[in-house]
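The values are calculated or read from the model by the stated rules, or taken from the named source; none is laboratory data. Keep in mind that this is a model prediction, so the values were computed, not measured. Reconstructed Cβ throughout: ideal geometry from the backbone, glycine too, with neighbour counts over all protein chains shown.
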Amino acid sequence: MSEAAAPLGLAEERIGSGPGLLIGLCWGIVIGVMVLAAFGEWIAPNPSAQDLATGVAGPSAAHWLGTDDLGRDVLARLIVGARTAVLGPVLITLGSALIGTLLGLLAGYVGGLSDSVILRWADLMFALPGQLVAIVVVGVLGGGYFLAVAILIVLSSPYDTRLIRAATLEQRPRAYIEAARVLGLPGRRVAMAHLLPNLVPLIIASVFLGFAYALLALAALSFLGLGVGAGTPDWGRMLAEGRTLLFKNPAAALAPGAMLILTAASMNLVGDWLAERLSDRGRAR
Amino acid sequence: MRPADHFEQHAYATMQAQGTHLLEVRDLRITSRVGGRHRTIVSGIGLTVSAGETVGIVGESGSGKSMTARALLGLLPAGLMAHGTVTYEGRDLLAMPERALRRIRGSDIALILQDPYTMLSPLRRCGKHLEETLQLRDDGPRLRRRSYRDEAVRRLAEVGITDPGVADVYPFQLSGGMRQRVGIAAAIARDPKILVADEPTTALDMTTQKESLGVLKSLQESRRMGLILITHDLRVAFAMCDRVYVLYAGSVVEVAAAPVVEAEPLHPYTLGLLLSEPPSDRRVSTLEAIAGSVPEPDEVATCCPFAPRCAWVRDDPCRVGKPALAEFAPSRHTACVRIADIRHEMSALRSSAEHPVPSATVAARSRTLVRVEGLDKVFTAGSGRKAGRTVQALVGASLEVGDGESVGLVGESGSGKTTLGRCLVGLETPSAGEITIDGVDGSDYSALDRNARNHLRRTVQMIFQDPYQSLNPARTVDFAITEALRARRERADPQEDLDALTGELLGRVGLPADYRARRPIALSGGERQRVAIARALALEPRLLVCDEPVSALDVSVQAQVLNLLNRLREDLGIAYLFISHDLAVVRQVVDRVYVLYRGQVVESGPVGDVLDSPKHPYTARLVASLPRPDTDWLESSSTAKRPA
Amino acid sequence: MPNAQWRAFLGKRVLALVVLLLVISIGVFSLIHAAPGSAEQMLLSGRRPPSPERVAAIQERYRLNESFLNQYGHWVTRAVRFDFGQSIRTGEDVALALRERAALTVFLGSYAFALIMAFGVPLGVLAAVKRGRGIDRATIALSVVGVSAPAFVTGIFLLYVFAVILGWFPAFGAGEGFFDQLRHLALPAVALALTGLAPIIRYTRTGMLEALDQDYIVFASARGLARRKVLFAYGLRNALIPVVTAGGLILGVMLTGAVLVEVTFSLPGLGALLIESVNFQDVPVVQALAMLTAAMVITVNLLTDILYLFIDPRIRFGKAAS
């Protein structure tokens, strides 16, 4: 397995009482956030209701996590904010994995000119500080959630491309690929029926690990005011707005921050665990 | 000068008691803990080594021989535990704290590992490996830095490296044989009394293997070291060792002096090992292969480990408990509990199996199927703008294979033999020269039209070296074979026909039909190679290019596959291009042989003639380097000349 | 490595660096046309109403009436002399504005990088040596949190705990003088370092585990070398190669990643300048910042490659490991 997706070995190392508990908890958080993303508006129907009279206040029975400076309920905004936290990263990782798989297979299996061109492109993208490019391009083009998503797809696809290319190059000289070529199978069949199934574990693991990266990158843009529009309930945005309220209602900033870390850490651990499990399954002795 | 002086007295007493043994291993067991469960890796080994003695531990993969070597120095990987006693100078090494053990390592007991390519740190110069070891010697005055270097150069000369410049190069700048010598020099830099050599030559070419073994033997003799040689090759053990311990699935099954074991093995496994070893001086009709494959030591920890594969097995006494090693005749130990009953049957089998059959007389040559003429292949390192050094793998190589003929292609690594095979099936495109297959120009597959290319595919198929990589880990046996059948037929056959054909092919390679649902992970190495053969046969080819098809397999399994290949040829009249480094193996399978040296064919002819009376000095050297199970094999080293 | 070969290597790498910068500069230049509205509107948006002289001056300066290629050529020749024009927002000279702000960002980035190397490598080694034990698990847990917690989030947590609750560190301000800065920038630097710590720990630990698993480690121990020597001269020395790559990348990330931390801690560095400029569509400043950081990152990458030559003889001798 190439270095980029080399598992941390957490599942193998067994933090605490074995992989079961920790990984189960992570799966729980991942699924929970997904549910909030899908049905958040039913659970907390009115996240933008203002109560200017109350203004900012600490946690209370009516508002478990308190209110922000416009008197909006932090918990409700947190629940509804799961939508933007999940939707964008899903689009980013799937888009990036799709581009990366196609380009990576093309570069690694077909090789030749396509390999040189794709590799040059990836090298150029690696030389750029990704976070900065996102800020500059999204900022100058005028911001917006889906613009940010599109830019992040472009920025993360070279990583997937390199990963898939490296894995393809590793598999390509193996005898089972060569045997398929000697049988006279067409190149497309060799790539799809033989190569791809052995790359799937890697792709799945990379989607999970990539999700965590996309989640944080998107939240960072929102935090800087470049992602979602003002007033939208979004964890990154809430963090920026709650930053000034640390003395009055710390939960307004800490809660969305905690959600970001928990979700990202769970995704990372689940991805790591999957990488370990899936790569063990088909591995030769 | 050891601080533990009070041990000396005790050590002396023990030395008296155990005679002249330098090292005595008693009931060594090695276990691992996986998820709270103990698994046996080695279940009870005893052995002794005296000064100036060479003992061999012989075993196939999975016998636990490498772990035994590491256990002797307290260097087991994390998670493995050794039990029992390893007595050296009256002290039990297994009970010794790490700090004290470190004083023994290198200075009293040294170790050389199997792979010369990974044994030396890639970031340290060769001389440095020696110097830092020399600095640890606690006898005599400490030397100046300069003197350590001189001493290192002197030590390198001792292992046959006369170029002092070698001390200043990095390991990756040397060949495997040279690296192994540097490793040996570093291992014995502190003049140890015992050297444990774990498969020291397995990764080397035949000719290099012989040279390295010669170096080891002469060092051992001149220093009167005790040498523990661990090997999978009985012939090497017989040539090098005074006494041989035969290890199988974690237990010693037989111990005796090397010539005695060679003359009459007293355990069915040893006999099986001897019989499945292809003889280099003659061809036999079939090799007496051992059925099945080596079990996990843990599975057979409570019965005779060989019971699952033994032809003479009886439930009682073989499976009722673990047979202990017992002295059957003076200085001859065996763990076979039925040896008294079966001894005569065993010798009868041996003498009957050793009847040679004449090497297939080269009959009137059949129609030429493949003709290769003046083949050149140049590889360029890097690509595009980075293109740098070029390597010429083939230099005007020519050969012919007749219809139904079995032709061998032998040579060492780097001789270009694999490249030639790959050119035939279109995996490489030659730089120059011609390949004609069944009347079609196969020099460049990509230049052919679809029909011609398909014709070539159906004429020539290939078996690859590494059975663990030749099947797609994500696909079942059924998928692999059905796909190949479809490639042959192109039109969609009804599924029932494909099923029937798949079953038939599996039967042909000696696998039960229910293997169809299995994935490669559930197959042993030998079984994988059988599936690979079945897949190639699905195209009904007339020539099978076999690229080292048995070199990754254990000897007992290798014999099964060689027998299978011979049987298939009788049944199907298929032709082989059999690529191998092993002359003894080649002799069992082919009619004619080509010897490849640095990309050129230096000699060819009927296999018996070439091996028995080689014309080219390189062939002679290859033949001489083939291990023979007698001690004068190593002495013959100086007679073979190096080709220019 | 012979001198001539060494010069050829260096020459080639520097040339590649220049080409890369040129490619990037085309993208950066295009930003003035990428922004919504015409380039003139954008460049003039700071003052209103624009006098005809101002419009003419802007058109003259950016050669807006000429072809794209000419505009670019003109822009890039000024850019290499570090002349990026005036800030739209403040009217201040761009180069001057950058110079004022750069010191803080460089200090913060280097501070974080020093923390990462000082803690990451030893922790990685420790985790590998004590594989599977408590310290290993704790280190892995720390690195998972680090990789999952961006600096702008940890920054807020650190602010809350150490500035608001405990009051050990100041919540705002950058401090004056070296030691005061060290104290003022401790929380931002730690927040920044936590993100970069994870990959360094991970690379060190993986590299170390891989190295410790090698035959040369067994062989070194079998010759009786001291454990410390085996661990460092054999283990760490071989494990260090991937760590150097990661270190180079992370130095780049630290220098650019200060943006979010500066916003979180309200520090007036280059990052804060970037965000202010981006939100104001102050393209000249954004262009200068983009070129500056790209140049920094690419130079660090080059230095990493050169460092490689010194630590890996296999590359020095142009031969891959077998």
For this session: Name every residue in the range B:105-121 that is among the hydrophobic types (A, V, I, L, M, F, W, C) and either within 7 Å of another protein chain (Cβ to nearest Cβ) or out of contact with any helix residue (DSSP H, G or I) (no Cβ under 7 Å at 6 or more places or on another chain) (or both), in order of residue number.
Result: B:A110, B:L111, B:L113, B:M119, B:L120
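Condition check ((1) surrounded by 14 or more Cβ atoms within 10 Å (Cβ to Cβ); (2) over 25 Å from B:C303 (Cβ atoms); (3) of a type in the set (F, W, Y); (4) over 29 Å from the mean Cα position of the chain (by Cα)) across all residues:
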| site | (1), (2), (3), (4) |
| --- | --- |
| B:P323 | yes, no, no, no |
| B:P330 | no, yes, no, yes |
| B:T334 | yes, no, no, no |
| B:V337 | yes, no, no, yes |
| B:A340 | no, no, no, yes |
| B:M346 | yes, no, no, no |
| B:S351 | no, yes, no, no |
| B:E354 | no, yes, no, no |
Problem set entry | Where B:G84 falls short, out of the listed (1) crowded, with 19+ Cβ neighbours inside 10 Å; (2) touching a residue at least 24 places away in the same chain (Cβ under 8 Å) | (1)
For this session: Specify which of the listed residues (A:G139, A:G143, A:G108) is of a type outside the set (A, V, I, L, M, F, W, C) and surrounded by fewer than 23 Cβ atoms within 10 Å (Cβ to Cβ).
Result: A:G143
For this session: Looking for whichever is of a type in the set (V, I, T) and farther than 30 Å from C:L209 by Cα here; the options are C:T139, C:T90. Which one fits?
Result: C:T90
Seminar exercise, completed: If you go through C:L255, C:L274, C:L225, C:L270, the only one that is within 13 Å of chain A (Cβ to nearest Cβ) and free of Cβ contacts under 8 Å to residues at least 40 places away in the same chain is C:L274
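Of all residues in the range B:506-526 being under 20 Å from A:L183 (Cα atoms) and within 14 Å of chain A (Cβ to nearest Cβ), which is surrounded by the fewest Cβ atoms within 10 Å (Cβ to Cβ)?
B:R519
Does B:T429 satisfy being among the hydroxyl-bearing types (S, T, Y) and in contact with a helix residue (DSSP H, G or I) (Cβ under 8 Å, 6 or more places away or on another chain)? Walk me through how you get there before you give the answer.
Working: among the hydroxyl-bearing types (S, T, Y): yes; in contact with a helix residue (DSSP H, G or I) (Cβ under 8 Å, 6 or more places away or on another chain): yes.
It is true that B:T429 is among the hydroxyl-bearing types (S, T, Y) and in contact with a helix residue (DSSP H, G or I) (Cβ under 8 Å, 6 or more places away or on another chain).
If you take the residues in the range C:201-216 that are charged (D, E, K, R) and surrounded by fewer than 21 Cβ atoms within 10 Å (Cβ to Cβ), which one is farthest from the other protein chains (Cβ to nearest Cβ)? It would help to see each step written out before you state the result.
Our first condition is that a residue be charged (D, E, K, R); within the range C:201-216, this holds for C:202, C:205, C:210, C:213, C:215.
Right, trim to surrounded by fewer than 21 Cβ atoms within 10 Å (Cβ to Cβ) and you get C:210, C:213, C:215.
Values: C:E210: 10, C:D213: 8, C:D215: 4 Å.
Going through the qualifying residues, I end up with C:E210.
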Seminar exercise, completed: How many residues of the range B:73-96 are part of a loop (DSSP other than H, G, I, E, B) and on the phi > 0 side of the Ramachandran plot? The answer is 4
Problem set entry | B:Y117 being aromatic (F, W, Y), more than 24 Å from the chain's Cα centre (by Cα) and at negative phi | no
Seminar exercise, completed: Within the range B:167-218, residues being outside any helix (DSSP H, G or I) and closer than 22 Å to B:H232 by Cα number 12
Seminar exercise, completed: Flagged pairs (Cβ under 8 angstrom, 6 or more apart or on separate chains; first in the range A:14-27, at positive phi; second of a type outside the set (D, E, K, R) and at pLDDT 80 or above) are A:G16/A:L22
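Given the residues B:R70, B:R124, B:R39, B:R102, which is the only one that is within 12 Å of chain C (Cβ to nearest Cβ) and either under 30 Å from B:C303 (Cβ atoms) or in a strand (DSSP E or B) (or both)? Steps first, answer last, please.
Numbers: B:R124 fails: either under 30 Å from B:C303 (Cβ atoms) or in a strand (DSSP E or B) (or both); B:R39 fails: within 12 Å of chain C (Cβ to nearest Cβ); B:R102 fails: either under 30 Å from B:C303 (Cβ atoms) or in a strand (DSSP E or B) (or both).
Just one listed residue meets the conditions, B:R70.
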For this session: Check off (1) at positive phi; (2) without any contact (Cβ under 8 Å) to a residue 40 or more places away in the chain; (3) more than 13 Å from every other protein chain (Cβ to nearest Cβ) for B:G396 and give me the number that stays unchecked.
Result: (2)
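At least 1 residues that are within 14 Å of chain B (Cβ to nearest Cβ) and touching a Phe, Trp or Tyr at 6+ places or on another chain (Cβ under 6 Å) in each: list the helices (runs of 4 or more DSSP H) lying fully within the range A:172-284 that qualify. Even if it seems obvious, please write down each step before you answer.
Values: elements: A:175-182, A:196-223, A:235-242, A:251-282.
Per the criteria, A:175-182.
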Problem set entry | Residue count, the range B:151-201 (criterion: within 14 Å of another protein chain (Cβ to nearest Cβ), under 23 Å from B:V49 (Cα atoms) and not aliphatic (A, V, I, L, M)) | 8
For this session: Spot the failing condition for B:G414; the list is (1) surrounded by fewer than 18 Cβ atoms within 10 Å (Cβ to Cβ); (2) closer than 26 Å to B:L564 by Cβ, and only one is missed.
Result: (2)
Exercise. Within the range B:325-339, is even one residue of a type in the set (S, T, Y), part of a strand (DSSP E or B) and touching a residue at least 24 places away in the same chain (Cβ under 8 Å)?
Worked result: yes
Exercise. What helices (runs of 4 or more DSSP H) completely inside the range C:70-177 contain at least 1 residues that are surrounded by fewer than 17 Cβ atoms within 10 Å (Cβ to Cβ) and aliphatic (A, V, I, L, M)?
Worked result: C:94-129, C:134-148
Problem set entry | Among residues of the range B:362-385, those that are surrounded by 13 or more Cβ atoms within 10 Å (Cβ to Cβ) and at pLDDT 80 or above, counted | 12
